[in-house]
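Take a look at the structure set out below.
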Amino acid sequence: MDSEEIDSSKFKENLPKTILLVEDEAIIALAESACLKRKGYSVLTAPSGEKAIELVNKDPSIDLILMDIDLGSGMDGTEAAKKILERHDIPIIFLSAHGEGEMVDRTFQIGSYGYILKNAGETVLLASLRMAFRLYDTHRKQQETERELYNLQTSYNSILQHAPVSILIVQNGIYTYANPYAASLLGYASPEELVGTPVLETIDPAYRQSVVERIKTIQQGTGNPPIRMKILRKDGSSLWTESVSIPIDFRQSPAALVIGRDITATMAMEEKLKREADLHAELLALVEYSFSHTLQEVLQKPVDLVCDFTESPIGFFHFITELSDGSQRIDLRAWSTSTLERYCNITDLSAHYPLPQAGVWADSARLKQPIIHNDFSKVSWKKGTLQGTPKSSGS
């Protein structure tokens, strides 16, 4: 909006109010018009209901209508008012020479801002106009407030419906509100399907007591700090979430607002980073270990570490030696501590034999890639075992 438009708007606000006087008797119309003009009003006149409708449709500057009810043989004032109000929001005051209760009731059903008897005098007329304008201003402000509240509610609902976080309301241990993200997170087809579900049914058993305690805290009027826990989806699967909860009033009753997010990927990444950090720490410790231990101990130590990280009960560390004739030989150098204690009683750690004679456990060395055998009994190319080695190794 430019400066000329702003000035024009301010100028219009300062213009005198424009009143449309609908009166079929010319002498009365002239007298009432003169009275209104003396008091600073701008006045338009119409002799019939049809003419009044035409003027209102053409002239947007009309601020109020003084409508005579009895307009002779044509459309009466109440009919004209109905048609005008179908398209325009304009305050209407009815004029009549009659004060019957039935007539007054008809005008208020239409949406009247007043009812004036023609013989009431100038003072009543002017006071009624001032009151009508005040009522209309109040009505417009109320409408504007209602529009703002409606827009705010619409925006609020839109935020809840599209928020990329779980928003839940809990009362008496059950979900009484859920946004679509929360329902989807818990594996339900819609918020309506989730509402009514007991909260503890969606919590991993290991965290249910914590949730019970958090509910008690909410009932005391205090919010809860963030908590990481596993939740159960409708199909029984679980995932990690982080949530906070605060006390609120919902539908005039105490409740808890719970806002959460899926952190399953975050937990997996944190676990991976922790394992990597632990591995790096062990590698540094292994370097320090090598300064004060024998070669055999230094060879066995990493085997034990790898078995711990992979949770493997058996592990070994052997060398492959390239011979001058181009053949390869396996030199047995180290077995993990758990292998020696539980599975293997081999004592000659200096043994060696040609690589082609090794069993399936040497496939990864021959093929130079990771190899997994889930069922050793079905491996057709396994060979004999060395004396003292585990029978399941297939050496």
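The values are calculated or read from the model by the stated rules, or taken from the named source; none is laboratory data. Everything numeric here is computed off the predicted structure, so don't read it as measured data. Quick reminder, even Gly has a Cβ in these numbers, built from the backbone with ideal geometry, and neighbours come from all protein chains shown.
Output yes when any residue across the range 366-384 is modelled with pLDDT of 75 or more, surrounded by 13 or more Cβ atoms within 10 Å (Cβ to Cβ) and not in a loop (DSSP other than H, G, I, E, B), and no when none is. So far as the range 366-384 goes, yes, one or more of its residues are modelled with pLDDT of 75 or more, surrounded by 13 or more Cβ atoms within 10 Å (Cβ to Cβ) and not in a loop (DSSP other than H, G, I, E, B). Among the residues of the range 207-222, those identified as under 24 Å from the mean Cα position of the chain (by Cα) and under 13 Å from V170 (Cα atoms) are V211, R214, I215, I218. Quick one: is S336 surrounded by 13 or more Cβ atoms within 10 Å (Cβ to Cβ), modelled with pLDDT under 80 and either touching a helix residue (DSSP H, G or I) at 6+ places or on another chain (Cβ under 7 Å) or at positive phi (or both)? So S336 does not fit the description; no.
All of (1) buried (at least 19 other Cβ atoms within 10 Å of the Cβ); (2) in contact with a Gly (Cβ under 8 Å, 6 or more places away or on another chain); (3) of a type in the set (D, E, K, R) hold for R214 with one exception: (2).
Checking the structure you have, find out if any residue of the range 272-294 is hydroxyl-bearing (S, T, Y), in a helix (DSSP H, G or I) and closer than 30 Å to A183 by Cβ.
Step one: list which residues in the range 272-294 are hydroxyl-bearing (S, T, Y), which gives 289-290, 292, 294.
When the remaining residues are screened for being in a helix (DSSP H, G or I), the result is 289-290.
This time we only want the ones that are closer than 30 Å to A183 by Cβ, so: none.
Scanning the range 272-294, I find no residue that is hydroxyl-bearing (S, T, Y), in a helix (DSSP H, G or I) and closer than 30 Å to A183 by Cβ, so the answer is no.
P247 falls short on exactly one of the conditions (1) assigned to a loop (DSSP other than H, G, I, E, B); (2) within 20 Å of the chain's Cα centre (by Cα); (3) of a type outside the set (D, E, K, R), and that condition is (1). When the range 200-233 is filtered for residues that are farther than 19 Å from I263 by Cα and among the β-branched types (V, I, T), the ones remaining, listed by number, are V212, I215, T217, I218, T222.
Taking the stated definitions as given, is I227 in contact (Cβ under 8 Å) with a residue 40 or more places away in the chain and surrounded by 14 or more Cβ atoms within 10 Å (Cβ to Cβ)?
Values: in contact (Cβ under 8 Å) with a residue 40 or more places away in the chain: no; surrounded by 14 or more Cβ atoms within 10 Å (Cβ to Cβ): yes.
The answer is no for I227.
Listed by position, the helices (runs of 4 or more DSSP H) enclosed by the range 20-104 that each have at least 3 residues that are modelled with pLDDT under 90 are 26-38, 77-87. If I filter the range 308-321 for residues that are assigned to a helix (DSSP H, G or I), more than 22 Å from V360 (Cβ to Cβ) and among the hydrophobic types (A, V, I, L, M, F, W, C), do I get at least one hit? Yes, the conditions are met somewhere in the range 308-321.
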